[in-house]
Amino acid sequence: MSGSTIVPWVIGNWKMNPTRAASEQWTQEFKKILQQTSIKETKCRLAIAPIFIALSEINSQLQDSASPVNIVAQDVSRFAATGAYTGEISADLLTDYGIQYVLIGHSERRELLGDHAPVLADKLRLALKAGLTVIYCVGESLEQREQGIADAVVLQQICDIAAVVEDHQWQTQMIIAYEPIWAIGTGKTASAQDAQSMHEKIRAGLLQLTAHGANIAILYGGSVKPENAKELAACADINGALVGGASLNAHSFYQIADAFAQ
Ligand code: 13P
């Protein structure tokens, strides 16, 4: 457990998974686990990010769980409100459907789906304006780490959004997730020391950008699993986890959340 007063977040990013039957089984299993040992919202906040088409269904399936499980959209449109944008879902429509959280800037979207800095700035501006809380993802590639520019890359990704986020929004609507790309889905986790070292630099960067820098949760993502969650949770500036693969198993996800709740 860290000495910080920030309540940790453990968020499952389901990416383009799982089937409808498997997600229903997940929600049933997870609710059963929480009935036996709930996690207090004051100790650790829980959330999952399912595929768009399942957001409302899973939101209602989890309404009566013993600990609140928040629902996160995996992306949002760079276009506003409603209109002729086939295939898009705006921030306003997410809130209209009862969704309060959104992931922006995941490396898979940056690398595969054209989410470059100006696109991300548009998405972030609209999400914040609509009142969504944003989990904003940053992280360097293996090549950038090997070139010794990991810190510069990550801090630049944070600086890219400085002009978009108003001071009060840093306090209430922003969560940062540091996900080194080389650790995503590879089984390679950054060591707790390496992760903490980057989180410390992100914290210092945030403190320069906003008076609320000390209170912003910085989550770690990249092959987080029950086996390494405790060590990561013990780091002062690691305020939770953004979990991919391991979040698809209700028991593993619970164990990771429990590690951060201690
Ligand atoms: P894994 O936990 O599968 O490495 O994925 C991390 C991630 O990308 C979460 O957003």
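A few points about this structure:
- Using alpha carbons only, the radius of gyration of segment 1-58 set against its Kirkwood radius gives Rg/Rh = 1.04.
- Tail beyond 33 Å, pair distance distribution of the chain (Cα, percent): 13 percent
- Projected label distance in nm at Q193 and A236, using a 7 Å step from Cα toward the beta-carbon: 1.6 nm
- Segment 56-122 and segment 124-203 have Cα centres separated by 18 Å.
- Charge dipole (Cα centre; +1 on Lys/Arg Cβ, -1 on Asp/Glu Cβ; no other charges) of the chain amounts to roughly 400 debye.
- Label point distance in nm, H212-K32, each placed 7 Å from Cα along Cα→Cβ: 4.0 nm
- Cα-Cα over 29 Å, subset of K43/K225; K32/K129; K31/K225: K32/K129
- Using a cutoff of 8 angstrom between alpha carbon atoms and counting only pairs six or more residues apart, the relative contact order for the chain works out to 24 percent.
- P(r) weight above 21 Å for segment 1-135, C-alpha pairs, percent: 46 percent
- Per residue, in Å², the accessible surface of segment 75-207 once ligands and nucleic acids are set aside, probe 1.4 Å: 46 Å²
- Once C-alpha pairs closer than 8 Å and six or more residues apart are averaged by separation and normalised to the residue number of segment 36-94, the relative contact order reads 30 percent.
- Cα-based Kirkwood hydrodynamic radius, segment 192-252, one decimal, Å: 12.2 Å
- Here the sum of -39500 (n - 2.57) over DSSP H runs of 4 or more residues, divided by the residues of the chain, equals -12000 deg cm²/dmol at 222 nm, to the nearest 500.
- Long-range HN-HN contacts of G221 with modeled amide H, under 5 Å: Y178, E179, L242
- Once backbone amide H atoms are built at 1.01 Å from N, V72 has I48, A49 as its partners under 5 Å, excluding neighbours fewer than 5 places away on the same chain.
- Counting protein heavy atoms only, the chain has 51 percent of its accessible area on carbon and sulfur, 1.4 angstrom probe.
- Relative contact order (percent, whole number), segment 170-262, Cα cutoff 8 Å, 6+ residue spacing: 32 percent
- Computed from the alpha carbon positions, the gyration tensor of segment 104-240 leads to an equivalent ellipsoid with semi-axes of 23, 17, 14 Å, biggest first.
The values are calculated or read from the model by the stated rules, or taken from the named source; none is laboratory data. The model shown is predicted, which means the values in this text are computed figures rather than measured ones. All Cβ positions, glycine included, derive from the backbone under ideal geometry; neighbour counts span all protein chains shown. For the accessible areas, the whole protein counts, side chains as well, though only heavy atoms, and no ligand, DNA or RNA atoms are used. Shrake-Rupley method; radii C 1.70, N 1.55, O 1.52, S 1.80 Å.
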